[in-house]
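Take a look at the structure set out below.
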Amino acid sequence: MRRLTSSLFALLASASLAGCGYNKLQNQDEAVKAAWAQVINQYQRRADLVPNLVNTVKGYAAQEERVLVEVTEARAKATSIQATPELINDPAAFQKFQQSQNQLTAALKTLLSTVEAYPNLKSDALFRDLLTQLEGTENRIAVERKRYVDAVQAYNVTVREFPTNLTASWFDYELKPNFSVENEAAIATAPAATFDTTTPSQSKTPVESAPPPAAN
């Protein structure tokens, strides 16, 4: 009899939690975590490409030290932030993470704009391969960010709406920070460089004699 009573209580409790939106909150919370993991995977993929990209550019355009240093420092700052699952529950930490990634995006765009002055570099097979990988990764970042934004929006609506807001409050489900829409269009645009190998009419002189760097 006691076992039957316990089973009935558990069944009623489960039905009650489902009815008050607990299961929905749990599922959406897991969906946010999964989307966040994919965002981090793509950001890490980009960070892994940066050292080889910088070294390749350095082999042809060592005098562009300022730009190379900016990219290297931006990467170091972006990778220094531990993108743990807890970060998506901390608005301040999330904003700091977003800012660091945006800085790396801007630094890479500056770098790829600079290499327009170096036709030999743009003709280098390793550089072209790295650039293709970078552009593909930036596109995947944009896709995964969009999925994360959608997952967080759905979750946050559930947390705020009645009656699930009562359940959310009871079980400490709080609103999650999201990527801001400010400059989102620019961020979602993958850094790109043309492959026109004609010498541009600029004052800089391409480093014709620099040997191509060894692949890492």
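The values are calculated or read from the model by the stated rules, or taken from the named source; none is laboratory data. Remember, predicted model here, so these are calculated numbers, not experimental data. Note that we place each Cβ from the backbone using ideal geometry, even for glycine, and neighbour counts take in every protein chain shown.
Scanning the range 89-115 for residues that are in contact with a Pro (Cβ under 7 Å, 6 or more places away or on another chain) and either of a type in the set (A, V, I, L, M) or not in a helix (DSSP H, G or I) (or both) gives L108, L112. Determine, yes or no, whether N165 is within 29 Å of N27 (Cβ to Cβ), modelled with pLDDT of 95 or more, of a type in the set (S, T, N, Q) and assigned to a helix (DSSP H, G or I). Criteria not met by N165. For the range 47-77, filtering for residues that are within 13 Å of L112 (Cβ to Cβ) and part of a helix (DSSP H, G or I) leaves 10. Say whether the condition of being under 20 Å from P177 (Cβ atoms), surrounded by fewer than 17 Cβ atoms within 10 Å (Cβ to Cβ) and touching a residue at least 12 places away in the same chain (Cβ under 8 Å) is met by at least one residue in the range 48-58. No, every residue in the range 48-58 fails to be under 20 Å from P177 (Cβ atoms), surrounded by fewer than 17 Cβ atoms within 10 Å (Cβ to Cβ) and touching a residue at least 12 places away in the same chain (Cβ under 8 Å). Screening I88, I81 for residues that are touching a Ser or Thr at 6+ places or on another chain (Cβ under 8 Å) and among the β-branched types (V, I, T) leaves exactly one candidate, I81. For the range 119-139, check the following and say yes or no: at least one residue is under 18 Å from the mean Cα position of the chain (by Cα), under 24 Å from D29 (Cβ atoms), outside any loop (DSSP other than H, G, I, E, B) and not acidic (D, E). No, every residue in the range 119-139 fails to be under 18 Å from the mean Cα position of the chain (by Cα), under 24 Å from D29 (Cβ atoms), outside any loop (DSSP other than H, G, I, E, B) and not acidic (D, E).
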